[in-house]
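Each reported figure results from applying straightforward, stated rules to the coordinates on display, with no laboratory input. As the structure is a prediction and not an experimental result, all values here were calculated from the model. When we count neighbours, we look across all protein chains shown, and the Cβ atoms used for this are built from the backbone with ideal geometry, even at glycine.
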Amino acid sequence: MLTVVSLILCVLSGDALAEEQKKGKESGFKHIFDGKSLEGWEEMPKVEQQAWSVQDGIIVGEGDKGRGYLVYSKDKNIADFELKFLYRFPGNGNSGVNIRARIDKTGRRKFEGYHADIGQVGIGGKVLGAWDFHTPGRREHRCFRGDDLVIDKDDKPTITPLKNAVTVEDINKGGWNELHVIAKGNSFQFFLNGKPSAKFVEHLPEAKRLRSGMIQLQLHDPGMIVHFKDIRLKLLK
């Protein structure tokens with residue numbers, strides 16, 4: 001027969017086990033934002049009035065100067081990885097994270113690569129997806145929320161619905177949400193608050209040059225504000 005003490009010990013050990021399991025799921029991740037400063041990050045492009053700051057342990061992006069990026073500068077050639085972070089919009093806005101981004105040498109745009117959208121709920125029909133933005137001379141392939149998009153070697157898209165995909169009801173409008181990105185080779189998976197958001201696979205020969213690049217937090221709209229925190233990165237072999 002269990003005593004009161006043994007019952008308490010069982011509860012405590014269960015809590016400890018749950019905590020260890022949680023830690024196990026996060027195994028290999030490292031925090032790349034220290035919660036105090038922007039050490040290890042670089043603003044691109046730099047503007048007279050700083051668009052990015054740290055306030056109360058949060059990265060705050062203010063879009064008074066229009067579109068801009070905050071780059072994780074300690075490693076600008078990240079290949080296969082997992083990325084997790086929390087974000088929120090105090091008001092309206094549109095933002096995201098560029099992954100494997102590279103400077104566009106053609107000059108047609110600032111960067112090329114891939115983008116995961118975290119735009120404010122209500123903007124557009126099915127936001128919170130992902131797309132590529134290769135150059136030169138080709139259109140973007142957009143993968144909207146709930147889509148599994150495959151681009152074949154002839155640049156033809158095939159779209160199928162994701163199972164158990166995230167819905168608007170799963171998104172905390174105005175509050176914190178977690179984005180989880182998994183990039184392996186030519187495949188990208190995106191999860192929002194633990195549920196599948198989008199999946200993107202690209203077989204284009206030209207995509208081979210985008211097997212590594214920068215991670216960039218994005219400011220999209222003038223006058224907007226976006227918050228980021230708890231940014232964790234795991235490099236995959």
Enclosed volume per residue, in Å³, of the convex hull spanned by Cα atoms of region 32-235: 114
Net +/- balance of residues flanking residue 157 in space, Cβ distance below 10 Å, scoring K and R +1, D and E -1: -2
Surrounding net charge for residue 76, when Lys and Arg each add one and Asp and Glu each subtract one, Cβ distance under 11 Å: +1
Within-10-Å neighbourhood charge of residue 199 [Cβ basis; K, R +1; D, E -1]: -2
Label-point separation in nm, residue 155 to residue 212, each point 7 Å along Cα→Cβ: 2.8
Under-5 Å amide H pairs with residue 96, H placed in peptide plane, nonlocal only: 118, 218
